[in-house]
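Colleague: Could you have a look at this structure, given as structure tokens, before my questions?
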Amino acid sequence: GDQESPPGSRFVCTSLPLDAAGAGCPLPPVPMQGGALPPEEELKATVLQLRETVLQQKETIGSQREAIRELTGKLSRCEGTDGKSATGAWKNEVGKGKDTMGDLPRDPAQVIDQLSRTMQTLKDRLESLEHQLRANVSYAALPSDLREMLQRRLGDLERQLLSKVAELEDEKSLLHNETSAHRQKTETALNALLERVSELEKGNSAFKSPDEFKVSLPLRTNYLYGKIKKTLPELYAFTVCLWLRSSASPGIGTPFSYAVPGQANEIVLIEWGNNPIELLINDKVAQLPLFISDGKWHHICITWTTRDGMWEAFQDGEKLGTGENLAPWHPIKPGGVLILGQEQDTVGGRFDATQAFVGEMSQFNIWDRVLKAEDIMNIANCSINMPGNIIPWVDNNVDVFGGATKWPVETCEERLLDL
């Protein structure tokens, strides 16, 4: 241990094993690259070579361990002979480069480490090659099975996809139909609304208020007339009121007529020739004691009920006549045509110029009941404005034809002063 050997001296071990000097760590044989063998065969050959190399390495490690044990023993004996500590390093003779231990590393532990590392590296390479070989062999050995399985799987997926596409197409078609129906309904509603708005705009642009207008029928013809857009429901009673002004003679003609299929004279108010003014219901006639052809504005109201055919006639708010048995128990038929200024011989047509109204009219309203005398008086003296609940006098409910015109009407008070 602590004492250095004198210069030039050395330890000599007399008995040296013959195989120890040449024993090294042989490298594994490298597999041949670029040979004519297919990759799978080459891999198999490589694996086999590696296995053989590993076995050789194991044998080498075994013999090396034996050699190490033997050398260690001999070294101990050598050192024991010279009485030196085993911790001293192997010394070479000065000036001579010969190492009596040949190619062996000086530390036996390093040999084992190095061989273990080599062993581990070879094992890793072997595992890697085996794994690679297994992968290649499985694909090479089962290509048809794999192909069939993949094709089956792809077929299944394709069928599922087609089914889903068909389902989505059905949904799309259904949605399209629903959307079309919805769009059609929306467009219809929108068109109706636009029409209504344009009517209101037209009404409001022409007159301050939708009911402040009159219809003028200045000539006795069979083509000037006004038409009420709305029709009547079935009625068991009614009141008709209007303002009119006419000086036509003989007779002012027909202020209004209501015709239904099968009965052209369902309701008619007419002053024809030299006859008194008449009310026709279902072609039955009642003569009314009214005098309205003096060229002044007059307010006229007529009431009727199917009960006993009772009727009343009002002029300028006063009841001038009453009667009964005018088409008793006959309900007024629905769905006919209301014409201003002409008498209808067929529904909506066949007018006769001799029966045409000549003059102006306004505030033509119809209710489905008999108005009280007090209400009629209040309407006539301008105390109240009562639109008809069945037919109200509004611009967009009255169309004019043949040269008949709409004009702003005088105020109620001006009409009243005209009486």
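Table: residues versus (1) assigned to a strand (DSSP E or B); (2) not aromatic (Phe, Trp, Tyr).
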site: Gln184; (1), (2): no, yes
site: Thr188; (1), (2): no, yes
site: Asn191; (1), (2): no, yes
site: Arg196; (1), (2): no, yes
site: Leu219; (1), (2): no, yes
site: Pro233; (1), (2): no, yes
site: Thr239; (1), (2): yes, yes
site: Phe256; (1), (2): yes, no
site: Glu266; (1), (2): yes, yes
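Colleague: Quick one: is Glu70 at pLDDT 75 or above and surrounded by fewer than 17 Cβ atoms within 10 Å (Cβ to Cβ)?
Modeller: Yes; evaluated as a whole, the condition is true for this residue.
Colleague: Looking at (1) in contact (Cβ under 8 Å) with a residue 40 or more places away in the chain; (2) touching a His at 6+ places or on another chain (Cβ under 8 Å); (3) open to solvent by 10 Å² or more (accessible area, probe 1.4 Å), which is the only condition Gln315 fails?
Modeller: Every condition holds for Gln315 apart from (1).
Colleague: Is it fair to say Ser198 is polar (S, T, N, Q) and within 55 Å of the chain's Cα centre (by Cα)?
Modeller: Yes.
Colleague: One residue is enough: does the range 281-292 have a residue meeting the conditions surrounded by fewer than 19 Cβ atoms within 10 Å (Cβ to Cβ) and among the small types (Gly, Ala, Ser)?
Modeller: So far as the range 281-292 goes, no, none of its residues is surrounded by fewer than 19 Cβ atoms within 10 Å (Cβ to Cβ) and among the small types (Gly, Ala, Ser).
Colleague: From the set of residues in the range 198-217 that are part of a loop (DSSP other than H, G, I, E, B) and open to solvent by 40 Å² or more (accessible area, probe 1.4 Å), which is modelled with the lowest pLDDT?
Modeller: Out of the qualifying residues, it is Lys208.
Colleague: Is it true that some residue in the range 128-137 is at pLDDT below 65 and either outside any helix (DSSP H, G or I) or not small (Gly, Ala, Ser) (or both)?
Modeller: So far as the range 128-137 goes, yes, one or more of its residues are at pLDDT below 65 and either outside any helix (DSSP H, G or I) or not small (Gly, Ala, Ser) (or both).
Colleague: In the list Ile366, Ile332, Ile391, which residue meets the criterion of being buried (at least 17 other Cβ atoms within 10 Å of the Cβ) and at pLDDT 95 or above?
Modeller: Ile366
Colleague: Across the range 405-418, what is the total count of residues that are hydroxyl-bearing (Ser, Thr, Tyr) and assigned to a loop (DSSP other than H, G, I, E, B)?
Modeller: Final tally of qualifying residues: 1.
The values are calculated or read from the model by the stated rules, or taken from the named source; none is laboratory data. Keep in mind it's a predicted model, so treat the numbers as computed, not measured. Using ideal geometry, Cβ is built from the backbone for each residue, glycine included, and neighbour counts are taken over all protein chains shown. SASA here: full protein model, heavy atoms, side chains in, ligands and nucleic acids out. Shrake-Rupley method; radii C 1.70, N 1.55, O 1.52, S 1.80 Å.
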